[in-house]
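Structure first, commentary second.
No lab work stands behind these numbers, since they all come straight from the coordinates. Keep in mind the model is a prediction, meaning the values are calculated, not measured. Reconstructed Cβ throughout: ideal geometry from the backbone, glycine too, with neighbour counts over all protein chains shown.
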Amino acid sequence: MTPVKEILAEMQNPSAEDIKLIEKAYAFSQKAHEGVTRYSGEPYFIHPAAVAKILAQMGMDAATVAAGLLHDAIEDAKATEEEVQKEFGDEVLFLVDGVTKLGKHKYRGAERHAESLRRLLVATSADIRVLIVKLADRFHNMTTLAHVPEHKQKRIALETLEIYAPIADRLGMGRIRRELEDLAFPAIDPDAYQHALEVRKLKTKETEVGLKKVQREIQEALAKQGIKDFRTDVRMKGLWSLHQKLKRKGDDITLIYDMAALRIIVPTVADCYAALGLIHSLHKPLPGGFKDYISVPKPSSGYQSLHTTVVTDGAGIVEIQIRTKEMHQQAEFGIASHGSYKLLGPAATQGAVRNMSLPWIQNLIPNLLNFTKKAPGKEAPANVPRWITELAEAHAGNTGSTEFVEGLKSDFFSHRIFVFTPRGDVIDLPIGSTPIDFAYAIHSDLGDHMNGAKVNGKLVSFDTTIENGDVVEIITRESARPTAKWLDVAVTSMARRHIRGALELSERRLPSAPMKVDTRVLRKKASKEGKKKKGKG
Ligand code: MN
């Protein structure tokens, strides 16, 4: 069990008030989960306590750590929203509520839904801290995946790989991404996992001694150069990422040069380049193996580092990564580092994400406008990562301009809706969709035998327009069949295609249907199709 002291010890300068909040949330959660056990047979409270510790390690604020402690208290334990609100206030309740809601969206393996689910999770998080709690929650759950019933393991692992690891990546949280991937890997493909494990062992053995020598040489050279406050460590390539690379390289392990990378963390940017020069004077760089992500950060995540690949005597080809402490923190924890998620302050929280930054997220968040309105001429705080200030600057010039507003309008969200199955699966559809479109989006059989539909528990007619967030349930009957009228109601091409197919099939199958009827239907259909085509052109 994680004692409350361990959580507090990980936090960065908690105030007396912070400490009180965490201690209170700890006691509250422990009591709320009392008597409940996890699949592993351990007390349930182990889980929220571990999640809180992970959040503290990431450098999250007290409200978020408290939310980590309480994140399952409403859903899985005896606590009510009113109690959490009364004991911990609106902010903590808001975060706990957000995490609870996110838990309802489940991914069931349809590739075409992965991206929309990722976007949905981000959009509905409303506060980036909700998403970070969810990532910490998933991370801890993945460490105990082996205890979960086998039939559930694969779905959870796949969801982790397809949804949560990419979200962590796009939030710049490299360490969480890597660990989520490697925890999911064995459940996804046990054989490939074993293979990657063996390849890594073999490669490590090959280079271990040599790498230690290279590390020592560089340490000595850096110290001689007068760079004192530095750190070096060896990072091993993640197994999932190794697996991907092996696939790309036709399983040729001699082509894997970055199995072990030597990481050098120095105080300043100038030290980074000094260290690079030193290393290149000791070891010959491999042509094309040098990348300056300091002057040109990775656009997707803002990642910064110098990468060079050198040829050494003892360890063969070695990748070396050089960065400052801040860059390291940023690479490992991304948006959670430096407290940069706090940037926008409570004023911007109203109904939107506090701090949205990366290109794909930025479009989703109209409230970024609030931030940029205040931003011009104002110096950003010193510890704000560059990509955030750049983003603010980029929008400062055209805040409220038609260009920017049009950009938001044309965004994915403005012409798609997200609706749910009664089990919580997410289906995304174009605006104006009806229950018929919904049914066919799930399965053609469901559409072909649809006999009724419920939206949010109420029976509705087939031509009802479904709205964002609706829960739609399709009622089927074996003998039910599509009618020609459905074509007027369906908006998705997928539904229309299936309906046409089903209509033709039933015409052919009807033994008593005279030729006359068939031609009439066909003629009517043909003229309608013709009209449609004309209308389009
Ligand atoms: Mn949980």
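Which residues among region 262-291 fall inside the zone where the amide N is under 12 Å from a point 7 Å beyond the Cα of VAL209, along Cα→Cβ? Residues passing the 12 Å test: none. Value of Rg to Rh for region 164-300, rounded to two decimals, is 0.99; Kirkwood radius and Rg both from alpha-carbon coordinates. Multiplying the residue separation of VAL491 and LYS228 by 0.36 nm and subtracting their alpha-carbon distance yields 88.0 nm. Holding the Cα-Cα limit at 21 Å, pick out from LYS203/LYS325; LYS53/LYS212; LYS152/LYS249; LYS31/LYS53 the pairs that are longer than that. Violating the 21 Å Cα-Cα cut-off are LYS203/LYS325; LYS53/LYS212; LYS152/LYS249. Packing order of peptides 272-280, 149-157, 319-327, highest average first: 319-327, 272-280, 149-157 (average count of other Cβ atoms within 10 Å over each peptide's residues).
In this rough spin-label picture, where each label sits 7 Å from Cα along the Cβ direction, the GLU34-LYS101 distance is 3.2 nm. Of the peptides 27-39, 439-451, the ranking by mean beta-carbon count within 10 Å, highest at the top, reads 439-451, 27-39. Counting Cα-Cα pairs of region 274-320 in 10 Å increments starting at 0 gives whole-percent bin shares of 27, 49, 21, 3. Spacing of the modelled spin labels on LYS20 and GLN219, each 7 Å from Cα toward Cβ, amounts to 4.6 nm. Binning the C-alpha pair distances of region 414-512 at 5 Å intervals from 0 yields a P(r) profile of 2, 14, 26, 26, 17, 8, 4, 2, 1, 0 %, listed from the shortest bin outward. The length gained on full extension between ILE475 and SER241, counted as 0.36 nm times the residue separation minus their Cα-Cα distance, comes to 79.9 nm. Which of rounded, prolate, oblate describes region 143-234, given a ≥ b ≥ c as roots of the alpha-carbon gyration tensor eigenvalues and a/c under 1.5 marking rounded, otherwise prolate only if a/b is larger than b/c? Note, shape of region 143-234 comes out oblate. FRET efficiency for the pair ASN456 and ALA484, taken as 1/(1 + (r/R0)^6) with r the Cβ-Cβ distance and R0 = 30 Å, rounds to 0.55.
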